[in-house]
Structures are given as C-alpha cells and as structure tokens.
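Computed from the coordinates by the stated procedures, all read-outs in this text should not be read as laboratory data. Computed from a predicted structure; not experimentally measured. As a convention, Cβ positions derive from the backbone with ideal geometry for all residues, glycine included, and neighbour counts pool all protein chains shown.
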Amino acid sequence: AQSVTQLDSQVPVFEEAPVELRCNYSSSVSVYLFWYVQYPNQGLQLLLKYLSGSTLVESINGFEAEFNKSQTSFHLRKPSVHISDTAEYFCAAGVTGGGNKLTFGTGTQLKVEL
Amino acid sequence: EPEVTQTPSHQVTQMGQEVILRCVPISNHLYFYWYRQILGQKVEFLVSFYNNEISEKSEIFDDQFSVERPDGSNFTLKIRSTKLEDSAMYFCASSELARGYTFGSGTRLTVV
C-alpha cells in the first residue's frame, strides 16, 4: 500500500528566508503527487501537482517541488517565504492504476515569523 | 473557477443520531470522493464513487456509512448512528479524470 511520509511536523522560519518541506512516498510504481495547503478552519487548496513529464513543478505563488524518483521524494521549496504562507501543508500521492484514492502525509505546519 | 460546495460548514449532532453531509461536485466531473480529517491528524480516504456506484472504499467506511447521488448535482455522505469518534472534518472532492482533484471546504462534524 502507498504511504506518504512528512518527517517534519512543524517548520518555523523567518520571513524572507528559504524553506523546504520534505515529503517521501513509498510506492515504486507509477505515482502522481500533490501538495495541498490548508489555512486555519479552511479546506484543502491545491498548491501544485506532478502527474508526468517535467520533474520540476511550480505554483503561481512561488512554491516549487521536484519529483525525484530515485529518492522517492517530492519536497516542496520556496526561496523566500512570506507571513501569509503560514499554514498546514499536506503531501499526497496516488498510484496510476491503483484506483483514484489519495494517500496523505501527516502534514507540516509552516510558521513564518517576523 | 468551479468549486466543490459542501453544506453545512459545521454540524453538531448527538451520539446515535443520523447525519447527512451534502456536497455539490463540479458539474462536468465524473469521480466523487469523501475524505475525513480527525482534528490534528492526517486526511484519510473514505470512499470513491463513479458511474453511480462505489468504486473503492477504505476500512473506515463500514456499514454505518453510505453514499448517494440522489440527483444530477448532489453527492451525500450518510452516517447512520454517529459515534463520538466520528467527529472530524469531512471533505468532499470531485475530479474529471482519475488524477485531478478539487476539494470542497469541508464540513466539521461534532458528535456530542
């Protein structure tokens, strides 16, 4: 069964500093990956996704993630964070041909401080 | 941009009562899902629905749960006899293809 690991439950960072939120997945078969962001008392918003093709994917608000098959990772990065990036970030994975369900990681709370 | 709409945003119910959580998926989407998130925990898959039937369900989705698409626009999750441990945020999602999801903003269910 697919599993997704987010090793960091909390990541504190100062504004304008770079950040990396780590995500590793378990499946060795064809996989597709997502990052979702959840602001307090709100739903899940899609940040970016990897389905196929280019291994580097970007969002409109400066986040990027790189699919690394050899390391089974899909880490999320941003070169300079803003206070408004404070939120919970979830990595999720699905397996091609494995049904449509997504398996989520436990989430990483990003706290941006002044 | 099309949205998945969930109602109500918050529901409080007494233990043992039946609840129905409602969702309006995006109109041209074919796949529908329910997920839940117990407070402080990760998001867990409950069930997927395609072509008017359940295509996959998790071990969480026991006989207390059921889903229905009563008309061309709504997708509901029913919990027959709620337990305290059913308290969670329930997310509906829909997709056009198997791999593109849009989530709703969730219904927070509190069982007292």
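Listed values, structure above:
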item: Set of lysines near A:LYS69 by C-alpha distance (under 20 Å), chain-local residues within fewer than 8 positions excluded; result: A:LYS49
item: Spatial separation of Cα centroids for region A:1-28 and region B:22-49, in angstrom; result: 23 Å
item: Cα-projected label distance for A:LEU51 with A:ALA1, points at 7 Å along beta-carbon direction, nm; result: 2.7 nm
item: Charge dipole (the protein assembly as shown, unit charges on Cβ, about Cα centre) - positive-most of A:GLN42, A:LEU102, B:PHE49; result: B:PHE49
item: Label-to-label distance, nm, for residues given as B:LEU97 and B:THR110 (7 Å Cα→Cβ offset); result: 4.2 nm
item: Directionally averaged shadow of the protein assembly as shown, computed from the convex hull of its alpha-carbon atoms, nm²; result: 12.5 nm²
item: Principal axis dimensions, largest first and in whole angstrom, of chain B by Cα; result: 37, 27, 26
item: Signed unit charges on C-beta, dipole axis of region B:5-96, positive-most listed residue B:PHE91, B:GLN11, B:HIS29; result: B:GLN11
item: Label point distance in nm, A:ALA17-A:ARG77, each placed 7 Å from Cα along Cα→Cβ; result: 1.7 nm
item: Gain in span if fully extended, B:ILE54 to B:ILE20, counting 0.36 nm per residue against the direct Cα distance; result: 10.5 nm
item: Region A:4-113: proportion of alpha-carbon pairs further apart than 16 angstrom, %; result: 55 percent
